[in-house]
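Remarks on the structure that follows.
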Amino acid sequence: MALMLVGLPACVSQGTYDQTLKDLQSTKSHLDRLRVQNEALNKQVIGLKESNAKHKEELDKTNAQIASLKEEVSKERRLQALGEGPGPAGQGIGEVQEGLDAGARGPETAV
């Protein structure tokens, strides 16, 4: 039986083995590059989520300001309809409307 094993050729040729080894190394390198890219993308996603949360917070604040200004305009119009003077804190309806217009343009243009 031992004589039969000596006479059998190897399971794979050296060329096939070498090529498989090259393929394995190439696949490992590709996997490493993909891991690095994945980490970078995950960091970018975290940054975008944080940025999104900040923008949502700014939007909520701006919407609250707009709602408040709309309420002031509404009160001013009711007072004017009753023949009363200027609105809250001595503001006229024009000033309140200007504030509303500035808020509608966004926080970066509001002054």
TODO: Determine, yes or no, whether Ser26 is over 30 Å from Ala102 (Cβ atoms) and either surrounded by 10 or more Cβ atoms within 10 Å (Cβ to Cβ) or within 20 Å of the chain's Cα centre (by Cα) (or both).
DONE: yes
- [ ] Could you tell me which residue of the range 64-111 is nearest to the chain's Cα centre (by Cα), considering only residues that are hydrophobic (A, V, I, L, M, F, W, C), outside any loop (DSSP other than H, G, I, E, B) and at pLDDT 75 or above?
- [x] Ala64
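The values are calculated or read from the model by the stated rules, or taken from the named source; none is laboratory data. Predicted model only: the values in this text are computed from it and were never measured. When we count neighbours, we look across all protein chains shown, and the Cβ atoms used for this are built from the backbone with ideal geometry, even at glycine.
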